[in-house]
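Below: one structure, written as structure tokens.
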Amino acid sequence: MPRPPGDSALPSALRRIAHAAALVLVFAAIVVCVKWIDVSALARRQTELLYWNYASHVLMIAVAIGAGLALKRSWAEYGLTGHRWKRGVLIGLCSGATLALLPLLLEVALGQLALQSRIAGYWLSTVVFQVLFVGFGEELLFRGFLQAEWNRVFVRRFHIGRVRFGFGLLATALLFGIAHWLNSYNPLRDRFGLDWSALIFTTGAGLILGFSRELTGSLFAAVLIHMAADVYPALFLKGTPGGIGMAVGWGAAVAVLIFAAHSPAVGDAAPTEQQGD
């Protein structure tokens, strides 16, 4: 089957297999390092002072940037481009609005809104961590580095509206889900639990975030949606109305992205990516 014009997949099957194996090894190495960081003195010191473990997300950002430099990729390939940035921001804001606001409005309407008492004194650190290190850092690693590199393994043969994507999107979403599935697993702490609900939820969220990356050609929308999704659970006690609001919010985000994919004004192809090995 001929590949779509402009696709970045590697031409040789052997090279694609080797590339896929390297990506899995890199992901596994990141997971191992994160588990080690979690038991380190640095992590304990961070959580005492700032509540959050910044170091693990600094590692994610460093890996993505280091890979881009080592592989000689253009930053646009990893979604770090200002090309049509207004489109990415608009789609991100429209998709993320209900994710950020609907849970809060439902909790307020029912008189159940309550700040997380354990982080009340660390609200500034929480906002900085969730916005810059989780929202941006995880998106740079997964939708920037990993999705771009998986697109070199799998040809983007599918489309929704004017947006092309392939199994690279699914592979990235699955790794995103696995990373969260392993959040509660750390043999170094004698913790062996696996969060199956997180695997299902974050894999689904990864598909949505990955599609926004293919739709816009940049990370703007994915970062904004990710940030919006983290506002409610990070700062406020989770209640049933808020959970319902989050579910509706994700549905609304999907609707916005599908609409944008079929809209000529915002569904135009992203700028051609530079090729590299």
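Some observations on this one:
- Selection of region 223-239 for residues being over 22 Å from K86 (Cα atoms) and either in contact (Cβ under 8 Å) with a residue 24 or more places away in the chain or in contact with a helix residue (DSSP H, G or I) (Cβ under 7 Å, 6 or more places away or on another chain) (or both) yields D230, V231, Y232, A234, L235, F236, L237, G239.
- Matching entry among L199, L235 (being touching a strand residue (DSSP E or B) at 6+ places or on another chain (Cβ under 8 Å) and of a type in the set (A, V, I, L, M)): L235
- Checked against the criteria, L102 does not count as of a type in the set (A, V, I, L, M) and closer than 19 Å to M60 by Cβ.
- Test result for Y78, farther than 23 Å from G210 by Cβ and of a type in the set (F, W, Y): no
- Among the conditions (1) part of a helix (DSSP H, G or I); (2) farther than 23 Å from M246 by Cβ; (3) over 18 Å from the mean Cα position of the chain (by Cα), the only one that W123 does not satisfy is (2).
- Within region 39-58, the set of residues being assigned to a helix (DSSP H, G or I), surrounded by fewer than 19 Cβ atoms within 10 Å (Cβ to Cβ) and either modelled with pLDDT of 95 or more or not polar (S, T, N, Q) (or both) comprises A41, L42, A43, R44, R45, E48, L49, L50, A55, V58.
- Selection status of W123, at pLDDT 95 or above and of a type outside the set (V, I, T): no
- Figure legend. Inter-residue proximity from region 95-110: first residues more than 10 Å from G242 (Cβ to Cβ), second residues among the polar types (S, T, N, Q) and at pLDDT 85 or above, beta-carbon distance below 7 Å, spacing 6+ or different chains. Indicated pairs: S95/S212.
- Residue within region 194-214 that is touching a Gly at 6+ places or on another chain (Cβ under 7 Å), assigned to a helix (DSSP H, G or I), of a type in the set (S, T, Y) and free of Cβ contacts under 8 Å to residues at least 60 places away in the same chain present: yes
- Selected residue (only one of R156, R164 is touching a helix residue (DSSP H, G or I) at 6+ places or on another chain (Cβ under 8 Å), part of a strand (DSSP E or B) and crowded, with 16+ Cβ neighbours inside 10 Å): R164
- When restricted to residues that are modelled with pLDDT under 95 and either touching a Phe, Trp or Tyr at 6+ places or on another chain (Cβ under 6 Å) or of a type in the set (K, R) (or both), region 61-84 contains 1.
- Matching residues in region 167-193 - criterion: being out of contact with any Lys or Arg (no Cβ under 9 Å at 6 or more places or on another chain) and either assigned to a helix (DSSP H, G or I) or of a type in the set (A, V, I, L, M, F, W, C) (or both): L170, A171, A173, L174, L175, G177, I178, A179, H180, W181, F192
- Residue list for region 149-208, restricted to those being β-branched (V, I, T) and closer than 23 Å to A229 by Cα: T172, I178, I200, T202, T203, I208
- Test: residue in region 194-203 that is surrounded by 15 or more Cβ atoms within 10 Å (Cβ to Cβ), charged (D, E, K, R) and either touching a Pro at 6+ places or on another chain (Cβ under 7 Å) or under 30 Å from H83 (Cα atoms) (or both): no
- Test: A173 is under 12 Å from the mean Cα position of the chain (by Cα) and within 20 Å of A43 (Cα to Cα): no
The values are calculated or read from the model by the stated rules, or taken from the named source; none is laboratory data. Computed from a predicted model, the values in this text were never measured in an experiment. Ideal geometry is used to build each Cβ from the backbone, glycine not excepted, and the neighbour counts take in all protein chains shown.
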